[in-house]
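The values are calculated or read from the model by the stated rules, or taken from the named source; none is laboratory data. Because the structure is a prediction, the values reported are computed rather than measured. We place every Cβ from the backbone using ideal geometry, glycine too, and count neighbours over all the protein chains shown.
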Amino acid sequence: MADGVEALSVFRFGSHAAAIAAADLHKLRRDPIELLTRAVQPLLWFLVFGQVFDRTRAIPTGSLSYIEFMAPGILAQSVLFAAIFYGIAVIWERDLGIVHKILVSPASRTSLVVGKALGAGVRGLVQGVLVIVVALLIGVRVRTDPFAMAGVAAAVFLGSALFATFSLVIACIVKTRERFMGIGQVMTMPLFLASNAIYPVSMMPRWLGVIARLNPLTYLVDALRTLLLAHAPSTVSVPVDFGVMAVVFVALVGIAARLYPDLAR
């Protein structure tokens with residue numbers, strides 16, 4: 001009897017989360033141009049920043065060209081930049097009264113947050129495909145075996161869910177679009193630059209290396225670099241990368257679930 005009740009609870013949790021994710025993805029189907037415009041920035045990083053630093057050979061990247069080295073970092077950056085502003089959509093929903101309607105539903109607060117994270121994860125996958133296509137077009141040697149692609153998809157999905165949940169936490173705290181935009185812009189570049197996205201952690205001064213090892217984006221980049229490129233050994237290990245991201249994601253879900261009702265006030 002207890003097993004049946006537990007299974008029913010899990011089913012309800014999953015159905016509520018899936019409904020929230022489906023609602024978010026419906027917005028994506030109605031406005032796919034948003035994703036295409038987000039592909040412009042990675043293209044500029046590849047064609048401008050990557051080309052210049054590839055010629056200077058100032059950054060040690062082993063057997064990889066610099067453009068190959070930075071390709072996973074640009075993919076992670078694309079995930080970060082798209083997900084970190086996810087919270088502003090939640091503030092819009094609050095202003096339109098949608099959040100109030102969702103909060104009076106029988107769905108648990110955790111399932112609402114997980115649903116938002118799932119929607120962000122799917123958005124991240126679409127964004128990731130666009131970046132990988134750009135990387136292939138400029139000559140990056142990407143592993144295309146099913147295992148590697150499945151690992152890349154899992155890392156992109158988890159990374160998108162993680163940073164979108166972080167964005168939701170910020171939105172619940174600041175509650176206004178203006179403050180959120182300011183904080184989002186302040187945080188994106190430090191998260192990106194204090195990671196191994198465009199240079200190895202070994203090149204950093206000690207204090208910045210410590211910050212990089214506390215930065216979840218570092219573990220996303222490490223997983224993507226190992227899975228996406230044939231000759232890029234992990235500096236940590238892929239299981240550790242996924243483990244760190246999973247722990248941070250679960251912690252952020254717990255925080256966001258506690259704060260989400262406050263957003264409606």
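Which ones in the stretch 221-239 are closer than 19 Å to A161 by Cβ and surrounded by fewer than 14 Cβ atoms within 10 Å (Cβ to Cβ)?
Passing the criteria: only P239.
Please determine, by comparing only the residues of the stretch 192-220 that are modelled with pLDDT of 90 or more and of a type in the set (V, I, T), which one is surrounded by the most Cβ atoms within 10 Å (Cβ to Cβ).
Going through the qualifying residues, I end up with T218.
So S195 fits all but one of (1) in a helix (DSSP H, G or I); (2) closer than 27 Å to I59 by Cα; (3) touching a Ser or Thr at 6+ places or on another chain (Cβ under 9 Å); what number is the exception?
(1)
Residue-by-condition table, conditions (1) aliphatic (A, V, I, L, M); (2) surrounded by 18 or more Cβ atoms within 10 Å (Cβ to Cβ); (3) modelled with pLDDT of 80 or more:
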| position | (1), (2), (3) |
| --- | --- |
| A18 | yes, no, no |
| F49 | no, no, no |
| Y66 | no, yes, yes |
| V79 | yes, yes, yes |
| V113 | yes, yes, yes |
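Would you check if I91 is assigned to a helix (DSSP H, G or I) and either farther than 20 Å from A257 by Cβ or aromatic (F, W, Y) (or both)?
Taking the combined requirement at face value, the residue does not satisfy it.
If I ask for residues that are of a type outside the set (A, V, I, L, M), touching a residue at least 60 places away in the same chain (Cβ under 8 Å) and not in a loop (DSSP other than H, G, I, E, B), which ones from the stretch 214-240 would you list?
R225
Failed condition for G243, given (1) farther than 30 Å from R94 by Cβ; (2) touching a Ser or Thr at 6+ places or on another chain (Cβ under 7 Å); (3) not in a loop (DSSP other than H, G, I, E, B), with all others met?
For G243, the exception is condition (2).
Considering the stretch 136-151 alone, what residues qualify as being assigned to a helix (DSSP H, G or I) and under 19 Å from L43 (Cβ atoms)?
Within the stretch 136-151, L136, L137 meet the criteria.
Taking the options F166, F180, F85, name whichever one is within 11 Å of the chain's Cα centre (by Cα) and modelled with pLDDT under 85. Break it down into steps so the answer makes sense when it comes.
Details: F166 fails: modelled with pLDDT under 85; F180 fails: within 11 Å of the chain's Cα centre (by Cα).
Going through F166, F180, F85 in turn, the sole match is F85.
Select from the stretch 154-182 the residues that are out of contact with any helix residue (DSSP H, G or I) (no Cβ under 6 Å at 6 or more places or on another chain) and assigned to a helix (DSSP H, G or I) and write down the one among them that is surrounded by the most Cβ atoms within 10 Å (Cβ to Cβ).
Among those residues, the one meeting the criterion is A154.
So for the stretch 204-213 (the condition being aromatic (F, W, Y) and not in a helix (DSSP H, G or I)), does at least one residue qualify?
Within the stretch 204-213, the subset aromatic (F, W, Y) is 207.
Next cut, not in a helix (DSSP H, G or I) only: none.
Scanning the stretch 204-213 turns up no residue that is aromatic (F, W, Y) and not in a helix (DSSP H, G or I).
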